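These notes concern the structure reproduced below.
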Amino acid sequence: MTRIILHCDLDCFFAAVEIRDNPQYKNKPVIIGADPKEGKGRGVVSTCSYEARKFGLHSGMPISQAYLRCPHGIYLRPNFKKYTEASQLVMQVLKKYAKEFQQMGNDEAYLDLTDSCLNYDEAKENALQIQREISENIGITISIGIAPTKSLAKIASDCNKPNGITLFKPEEFKDLLKDMDITRIPGIGKKSKGYFYKKGIKKIGDILDISISKMINLFGEHGKWIWKIVNGFDNRKVKEFQEERKSISKERTFFENTDDFHDILSRLGEINEKIHTTVIKHHIAYRTVSLKIRFEGYLTYTRAKTLPFHIQDKNRVMEIILELFREFSRKLKKVRLVGIRLSNLERNYKVRQTSLLSFACIP
């Protein structure tokens, strides 16, 4: 049976909520993120409206660069409480349309309509109804992709933004994909596309024209996965729960670049505390500890250490971070950003360490 999967993606979500609540912002460049401080601010753009994107702004851009490109924009600090409330209302709407539902963050979700729709045309009618309900009741827009797999539905949802609906029917999705740039494929970004370009693969059609064995020879297992995506062999199910996260990370940007070891150490300590609040709450352990460090000029390094067993020990993590940091302690450049990442996670972890004192107390 051919599957019918919907990928629903809210358009410029944070900015859309702000525009909904402030109609005077409509059709203006709205940027959500750090305070730009007239071009001297630190931090990045969280999201921005389509009007702001016309000036080259995008998520993850340093807020100082955003201000230089769009000084007349409306810059707002994020209101996560308000965004979470809007997201919950959207997800309540989406859940009504399918038994199989999977939320991905605050602004995305997958629906499996295979058992509830006879064909793709009926699925499109459902998508139109979803758009109307979200627009009328919540006041924001959503773009929807409809395809036989999750990956193809995600590609489709990005094809006709904002407030668009795109169908990739089983008999025609390859023709619709062939002229698209490979960066449309989830997992291939602006940086990684260079590896594919060097091999003469620039369009999705270039992948469709070669065998899976050649993709494996060129790009290993990653190439195999990419080939399967564009050929419609992604069999991942839409789950009722969020996919397991592969890592937990936090990073912080200094207000001013610094080479003060105590400032850097203090910031790493704060990050470590916040991460461990999460891992303890959710009973998560980890084997790999990574340090991220960015110097002035945006030169960025990551270093990691993998342990032979899982732990949940913030003091040990700090020891490892200091060990990894020593490599950079003699660099002359000042530090702009630091971050910590924990990966190789284990769920439902129970602390199994027993102190020497407890052994000493055994009669």
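Of all residues in the stretch 66-105, those satisfying the criterion of being within 20 Å of ILE140 (Cβ to Cβ), of a type in the set (S, T, N, Q) and either surrounded by fewer than 17 Cβ atoms within 10 Å (Cβ to Cβ) or out of contact with any helix residue (DSSP H, G or I) (no Cβ under 6 Å at 6 or more places or on another chain) (or both) are ASN79, THR84, SER87, GLN88, GLN92. Listed by first and then second residue, the pairs linking a residue in the stretch 141-159 that is closer than 16 Å to TRP225 by Cβ to a residue that is of a type in the set (Gly, Ala, Ser) and surrounded by fewer than 23 Cβ atoms within 10 Å (Cβ to Cβ), with Cβ atoms under 6 Å apart and 6 or more places separating them unless they lie on different chains, are THR149/GLY232.
Within the stretch 98-107, the residues that satisfy the criterion of being touching a residue at least 24 places away in the same chain (Cβ under 8 Å) and either in contact with a Cys (Cβ under 7 Å, 6 or more places away or on another chain) or more than 23 Å from THR47 (Cβ to Cβ) (or both) are ALA98, GLU100, PHE101. Flag: LEU118 matches the condition of being more than 26 Å from the chain's Cα centre (by Cα), at pLDDT below 95 and assigned to a loop (DSSP other than H, G, I, E, B).
If you go through the stretch 308-363, how many residues are charged (D, E, K, R), loosely packed, with under 15 Cβ neighbours inside 10 Å and either modelled with pLDDT of 65 or more or more than 26 Å from HIS283 (Cβ to Cβ) (or both)? Result for the stretch 308-363: 10. Scoring GLY220 on the criteria (1) in contact (Cβ under 8 Å) with a residue 24 or more places away in the chain; (2) part of a helix (DSSP H, G or I) leaves a single failure, condition (1).
Filtering the stretch 197-246 to residues that are in contact with a Phe, Trp or Tyr (Cβ under 8 Å, 6 or more places away or on another chain), at pLDDT below 90 and either assigned by TED's automatic domain parsing to the domain that holds PHE168 or farther than 20 Å from ALA109 by Cα (or both) leaves only PHE219. If only residues of the stretch 46-67 that are in a helix (DSSP H, G or I) and touching a Gly at 6+ places or on another chain (Cβ under 6 Å) are counted, the one that is farthest from ASN22 (Cα to Cα) is SER64. Does GLN88 meet the test of being in the same structural domain as ASN106 (by TED's automatic domain parsing), part of a helix (DSSP H, G or I) and not aliphatic (A, V, I, L, M)? Against the criterion (in the same structural domain as ASN106 (by TED's automatic domain parsing), part of a helix (DSSP H, G or I) and not aliphatic (A, V, I, L, M)), GLN88 qualifies. Of the residues making up the stretch 1-56, those that are of a type in the set (Lys, Arg), touching a residue at least 24 places away in the same chain (Cβ under 8 Å) and more than 20 Å from LEU337 (Cα to Cα) are ARG3, ARG20, LYS28, LYS54. Considering SER157, SER143, the condition of being farther than 20 Å from PHE233 by Cα and not hydrophobic (A, V, I, L, M, F, W, C) is satisfied by SER143 alone. Of the residues contained in the stretch 258-274, one or more are found to be in a strand (DSSP E or B), within 16 Å of SER329 (Cβ to Cβ) and either touching a residue at least 12 places away in the same chain (Cβ under 8 Å) or basic (Lys, Arg) (or both).
The values are calculated or read from the model by the stated rules, or taken from the named source; none is laboratory data. Computed from a predicted structure; not experimentally measured. For neighbour counting, all protein chains shown are included, and Cβ atoms are generated from backbone atoms with ideal geometry for every residue, glycine included.
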